[in-house]
Amino acid sequence: MTSTPQQTPQETVTAGARDTAETGEGGIDLRDTGSGTWRAGLRRAIRIGSRPGPWKRGLVLTALALLLGLLMLLHAHITDLGGLGSLVETFLPWFGLFVPVLLAGALWRRSASAVLALLLPAVVWASLFGGVLSDKSQPGGDLTVVSHNVNADNPDPAGTARDLAASGADLLALEELTDHARGVYEEELAKTYPYHSVQGTVGLWSRLPLSDTRQVDVLRDDAGPLARTRRAEDIPVDPPRALRTTVATDQGPLAVYVAHLGSVRVMPRGGFWTDSRDAGAEKLAKAVAAEQIERVVVLGDMNGTTDDRALDGLTSQLHSAQDAAGDGFGFSWPASFPMARIDQILVRGVEPKSSWVLPATGSDHLPVAAGISW
């Protein structure tokens, strides 16, 4: 059995004094734990004070928001080297989708500066496209016009022709006609449209008489990725891609242009190639500027949106029916998931009453339609 050692009186007094010194009178613990707690509290305060506040958090998001706003605001000043400016302007409305994405990031980071910076792209987008979202169509209209790139590889041209005839169009412009499909369209549309003219790969079918029909040169045979091959192998030049005609209406003559401007391509070395399209747009703009008839309608696949600087020569003297009397953006391409309106109805001297997009056919484009009045 182990015995517990007994403290001597002196040891008891010494221990008590030590306990008293450590705890203080009244049993309060005065051991040196306060200094450690004080240091820990100081470190905690320093950490809290060094954390960025709501105006300092999310600086990357803030910078991205400002860049997005400036890009949309100054899109006309973006260089067109490699077709960059044209590419940005083609899909400019879609840049608005970045605003809610950045806003979600700003709220997650609790960044007041990023939220404030997002006001710039939001306001710029609203000023550019806010008016497009409202329905500006009006009842009435003296003439219904339809334009459709029917696609050279359309597997069902007869079905496409029947769908277009059922649209109620008075004037029907078709682009990208092939020699084989031309006969199909002529046969299917003959009952509805007694008048028509085809020039190369474009044509106009009409319920009203046509006159003074001629080709319009919108080609640039010396430009593009196939130009050198064409010259070297003596390949024939492209067939005409635009026409001009006069439609006899009860209100007087109406000049109608149908055009399919050159394609744009993404080239591995050249970037977004637009030379042929740009040259054709310039030639078409000159032809319209020289038009003597006051009332003019331009229909066709322009391979560019009205925001694209390449079409400035046209949009400076013509109005977009979709912008004036449409509901929404009226995207027409590609038909499977429309992302841009490159099929245009442009007018001068007449009033657009309505503008809309027709259901899909066998083409990779959607038909576009408009009702116009005098």
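The values are calculated or read from the model by the stated rules, or taken from the named source; none is laboratory data. Just so you know, these numbers come straight off a predicted model, no measurement behind them. Virtual Cβ from ideal backbone geometry, glycine too; neighbours counted across all protein chains shown. Each accessible area value is taken on the protein alone, full model and side chains, heavy atoms only, with ligands, DNA and RNA left out. Shrake-Rupley method; radii C 1.70, N 1.55, O 1.52, S 1.80 Å.
A few remarks follow.
- Any hit, the stretch 149-162, residues being of a type in the set (Val, Ile, Thr), at pLDDT 95 or above, buried (at least 20 other Cβ atoms within 10 Å of the Cβ) and touching a Ser or Thr at 6+ places or on another chain (Cβ under 9 Å): yes
- Applying the criterion of at least 2 residues that are open to solvent by 80 Å² or more (accessible area, probe 1.4 Å) and more than 14 Å from Thr305 (Cβ to Cβ) to the helices (runs of 4 or more DSSP H) found wholly in the stretch 54-111 leaves 59-73, 98-109.
- Across the stretch 281-301, the number of residues qualifying as open to solvent by 50 Å² or more (accessible area, probe 1.4 Å) and over 17 Å from Val264 (Cβ atoms) comes to 6.
- When the stretch 281-330 is filtered for residues that are in a loop (DSSP other than H, G, I, E, B) and either within 23 Å of Glu176 (Cα to Cα) or basic (Lys, Arg) (or both), the ones remaining, listed by number, are Arg295, Met302, Asn303, Gly304, Thr305, Thr306, Asp308, Gly330.
- Filtered residues of the stretch 321-346 (kept if crowded, with 23+ Cβ neighbours inside 10 Å and touching a strand residue (DSSP E or B) at 6+ places or on another chain (Cβ under 6 Å)): Ala321, Gln322, Ala325, Gly326, Gly330, Ser332, Ile342, Asp343, Ile345, Leu346
- Some residue of the stretch 267-280 being open to solvent by less than 30 Å² (accessible area, probe 1.4 Å), in a strand (DSSP E or B), out of contact with any His (no Cβ under 8 Å at 6 or more places or on another chain) and over 19 Å from Glu89 (Cα atoms): no
- Candidates in the stretch 169-204 are the residues that are under 29 Å from the mean Cα position of the chain (by Cα) and open to solvent by 20 Å² or more (accessible area, probe 1.4 Å); of these, the one that is nearest to Leu366 (Cα to Cα) is Glu176.
- Cβ-Cβ distances below 6 Å connect the following pairs, each with a first residue in the stretch 240-264 that is in a strand (DSSP E or B), a second residue that is of a type in the set (Phe, Trp, Tyr), and a separation of six or more residues or different chains: Arg244/Tyr257.
- Test for Gly304: is it closer than 25 Å to Thr160 by Cβ, open to solvent by less than 10 Å² (accessible area, probe 1.4 Å) and in contact (Cβ under 8 Å) with a residue 12 or more places away in the chain: yes
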